[in-house]
Amino acid sequence: MAPFRGALDLLDTVPGINQAVAEVIIAETGGDMTRFASAGHLASWAGVCPGHHESAGRTETTKVRPGNPYLKGALGLAAFGAARTNNTYLQARYKRLTARRGPMKALVAVEHSIITAIWHMLTYNVPHRELGGTYFVQRDPERATRRAITALNQLGYTVTLNPIEGAA
């Protein structure tokens, strides 16, 4: 793995990816992302794209496509670890999706996010940039406010919002 030391160090910056998982990723992909036209192509080859089936105008979810079993297993371990890493974007994504879709589909979505990040990191030779666990709240604060108000209303509370003086 000595020729791939730079790529291994880059992969080690992703939450959930340890040295062993990084070595499997490099071994299975070759470390060269030029063979994949986009991050979507890499995710499809790895077999972590969400399943999709449409028939007669109705959309149904299906199983993920078959892919590289060794890479898929390593990404599963990475996603499982990332979902348990506190205050990270990947944990926030896992929690949001688990509530709606269930834990297994949420893990596949986190695997997809990780493999997409890996493609960008190895293509452009940049380390992982953590967005933080509050990314979704910061992205759309009005939505977070609506969700909190709805949750309190369902618990039987009446909510009155008073903005804080001097807050933006």
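Since every read-out is calculated from the coordinates, none of them should be taken as a lab result. These figures come from a predicted structure and were not determined experimentally. Here the Cβ positions follow ideal geometry from the backbone for every residue, glycine too, while neighbour counts run over all protein chains shown.
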Query raised in the report: Taking a spot 7 Å from the Cα of Glu23 along the direction of its beta carbon, which residues of the range 55-91 have an amide N less than 18 Å from it?
Result: 70-78
Report summary line: When the charge dipole of the range 2-138 is computed with +1 on Lys and Arg Cβ and -1 on Asp and Glu Cβ about the Cα centre, the Cα farthest towards its positive end, among Pro103, Ile26, Leu71, belongs to Pro103
Report task. Considering Cα pairs under 8 angstrom that are at least six residues apart, work out the relative contact order of the range 12-91 and quote it in whole percent. Result -> 37
Query raised in the report: On a 0 to 90 degree scale, rounded to 10, what angle separates helix 19-29 from the longest Cα axis of the chain?
Result: 60
Query raised in the report: Pairing the Cα long axis of helix 69-83 with the longest principal axis of the chain, what angle in degrees results, from 0 to 90 and rounded to the nearest 10?
Result: 30
Report task. Consider the candidate values (1) 52, 37, 31; (2) 60, 48, 25; (3) 50, 43, 25; state which one is Cα extents along the principal axes in Å computed from the structure displayed. Result -> (2)
Requested in this report: Could you tell me how many degrees, from 0 to 90 and to the nearest 10, lie between the Cα long axis of helix 103-124 and the main elongation axis, the longest principal axis, of the Cα atoms of the chain?
Outcome: 60
